[in-house]
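Here the structure is laid out as structure tokens; the discussion comes afterwards.
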Amino acid sequence: MRWAKYAHEGTVATGRVEGEAVVPTDAPSPLAAVLDGAADAGTPIALADVALMAPLDPIRNVLCVGWNYLPHFEEGAVVHGDRELPTRPNFFSKMTGSVIGPFDRIPSHQGVTEKLDWEVELGVVIGKQVVDLTPENALDAVAGYVVAQDISAREVQLKRGGQWFKGKSLDGTCPIGPWLVDAKAIDDPQDLDLSCSVNGAVKQSSNTRHMIFDIVELLVELSAGSTLYPGDLFLSGTPEGVGQSRTPPEFLQPGDVLESTVEGIGTIRNPVA
């Protein structure tokens, strides 16, 4: 089931997406609809007549993992040189102010960066307060999934002593959506195609089966001694095809349109301002 946060005629509401329409409900948020259920509260509205918003408003930093697809790790040698393949996940985070909606504009941040890069990812939304997850119960902690972009200011990211936080945290650099898909609707999160394109040209195309550490392994490692909370958003890594590793390098420019898709979830489309 797909749950959307949307604006319509001056009202913000949560609705259940059915085909090309959204059915208003009494749920206060898409996450609440997944966790607690929701009752219909109005007649269907055409999706074309609403403005979809970010389906989640994280209250803590967005949690992320780097270098989680082998080809992406290998293409990084162009920038980082030869490195040993990580034997444990490389976690980092993005500030909550980076989160925007599925069709919102991405600020180009001219004067701060000239190297704004794309990274399509499967976003995992936590639905329970958990710590020290095991392989047997890790997926029970997942409420649902979203399409996400970990847009990165590369020169900012790489000039902070190896700490990625600043370059990953510029405002408006984490579009998510287009809605929250209930985890029960995804049979296997490790077999989903994901891709992104810039102005219609495909830049990334892969499948979540190519992750180095799968969702279960990531959640077990992330929760070891560290409590996760309902509403936490975790980005599970990006495949090969990022701009900085291309020859010559490519970066987002004002006027570009970035489209990101994950199978079984949907597509987000963000113009660059």
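Things worth noting here:
- Of 70, 52, all but one fail to be in contact (Cβ under 8 Å) with a residue 60 or more places away in the chain and in contact with a strand residue (DSSP E or B) (Cβ under 8 Å, 6 or more places away or on another chain); the exception is 52.
- Looking at 29, 93, just one residue is surrounded by 13 or more Cβ atoms within 10 Å (Cβ to Cβ), at pLDDT 95 or above, touching a Cys at 6+ places or on another chain (Cβ under 7 Å) and not aliphatic (A, V, I, L, M), and that residue is 93.
- Look at (1) farther than 17 Å from residue 122 by Cβ; (2) without any contact (Cβ under 8 Å) to a residue 24 or more places away in the chain and you find that residue 188 fails only one, number (1).
- Qualifying residue in the stretch 179-187 (condition: over 17 Å from residue 30 (Cβ atoms), in the same structural domain as residue 251 (by TED's automatic domain parsing) and in contact with a Leu (Cβ under 7 Å, 6 or more places away or on another chain)): no
- If the condition is being touching a residue at least 24 places away in the same chain (Cβ under 8 Å) and either surrounded by fewer than 13 Cβ atoms within 10 Å (Cβ to Cβ) or closer than 15 Å to residue 181 by Cα (or both), then the stretch 9-26 contributes 12, 14, 15, 16, 17, 18, 20, 22.
- Residue tally, condition within 16 Å of residue 117 (Cβ to Cβ) and buried (at least 18 other Cβ atoms within 10 Å of the Cβ), over the stretch 257-271: 4
- Among all residues of the stretch 223-240, there is at least one that is in contact with a Ser or Thr (Cβ under 6 Å, 6 or more places away or on another chain) and within 30 Å of residue 136 (Cα to Cα).
The values are calculated or read from the model by the stated rules, or taken from the named source; none is laboratory data. Predicted model, so just to flag it, every value in this text is computed and none were measured. A quick note on method: Cβ atoms are made from the backbone with ideal geometry, for glycine too, and the neighbour counts reach across all protein chains shown.
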